[in-house]
Structure formats: C-alpha cells, structure tokens
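Structure, as structure tokens:
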Amino acid sequence: MALTEFELIMLDNGEVALQRSGSDKALVRIKFSGEVLDYLGGKHLEVAKNMMDAGLQAVFEINEENDVVGFAKD
C-alpha cells in the first residue's frame, strides 16, 4: 500500500493548510482569530500541526475500525 505524504503550509491569507505533497489543493484549512494568534504568541503553527496530527490519527483509527467491522461481516 502506497503512503501519501502530506505537508503543512501557510497560505497568503494567514490560514494554515494541509495538502498532499506535490498538490496545490488544500484538504483542510485552519484559521485562527486575531485574539487566538495574540494569545499563542507566534506558536500557532505548532498548534496547527498538532491539530492536523490528531485529525490524521483519528482518520487512521476510523479506517482501522471500518476494516475490522468489514472483516467481521465476511
């Protein structure tokens, strides 16, 4: 099974986006309010990375659960 590589990028409008490597289409975007940006003091990229990592981990777990459920039905 081929693994897909993802990259986290900063868009011109200040949003942080996740996209497949080699693509210019954002799969997920995160936009922090000015208040949150001030609160995070420049650490918003680190927070966005952790948010994306948690989301991807959840997707992998959902896929594994679906595979197990599908297997059990056979």
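The values are calculated or read from the model by the stated rules, or taken from the named source; none is laboratory data. The structure displayed is predicted, hence computed values, not measured ones. Cβ sites come from the backbone with ideal geometry, for glycine too, and all protein chains shown count toward neighbours. Only protein heavy atoms, including side chains, enter the accessible area calculation; ligands, DNA and RNA are left aside. Shrake-Rupley method; radii C 1.70, N 1.55, O 1.52, S 1.80 Å.
The table that follows gives values for the structure above.
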| item | result |
| --- | --- |
| Residue in segment 59-69 that is more than 14 Å from residue 7 (Cβ to Cβ), modelled with pLDDT under 90, exposed (fewer than 14 other Cβ atoms within 10 Å of the Cβ) and polar (S, T, N, Q) present | yes |
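For every residue, the table says whether it meets (1) in contact (Cβ under 8 Å) with a residue 40 or more places away in the chain; (2) open to solvent by 60 Å² or more (accessible area, probe 1.4 Å).
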| residue | (1), (2) |
| --- | --- |
| 13 | no, yes |
| 19 | no, no |
| 24 | no, yes |
| 48 | yes, no |
| 53 | no, yes |
| 56 | yes, no |
